[in-house]
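Written out below as structure tokens is the structure these notes cover.
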Amino acid sequence: MLTRSLTLLTLAVLSLAFAPGQAQAQDAQICFDAADKVTDGNALEEKERQAAHEACQRALATTSSVVQKYQLQESDFDITGTRPKN
């Protein structure tokens, strides 16, 4: 019984440990692609804009790189059309 519980706990921890890295890469790519589309002069549909904004926010939350945070924030600003207020 103890072995089964430890095995399940180990599998749960491992699945959590590897899932965010994949999501971060996908979220960052979605964010950057949408920002590129906007800066090229194309319009985003509301649904696409919201999905890209959410992807940017998830990627921001999971990265620890200051440079990548800056790039993601700039991309999010391009997507939403707003800058934070000082």
TODO: Could you tell me which of the residues ALA19, ALA43, ALA25 is at pLDDT below 95, part of a loop (DSSP other than H, G, I, E, B) and aliphatic (A, V, I, L, M)?
DONE: ALA43
Open item on the list: Of all residues being among the aliphatic types (A, V, I, L, M) and in contact with a Leu (Cβ under 8 Å, 6 or more places away or on another chain) in the stretch 29-74, which is most open to solvent (accessible area, probe 1.4 Å)? Just the residue, please.
Closed with: VAL38
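The values are calculated or read from the model by the stated rules, or taken from the named source; none is laboratory data. Quick caveat, the model's predicted, so the values are computed rather than measured. When we count neighbours, we look across all protein chains shown, and the Cβ atoms used for this are built from the backbone with ideal geometry, even at glycine. In case anyone asks, the SASA skips ligands and DNA or RNA and just uses the protein heavy atoms, side chains included. Shrake-Rupley method; radii C 1.70, N 1.55, O 1.52, S 1.80 Å.
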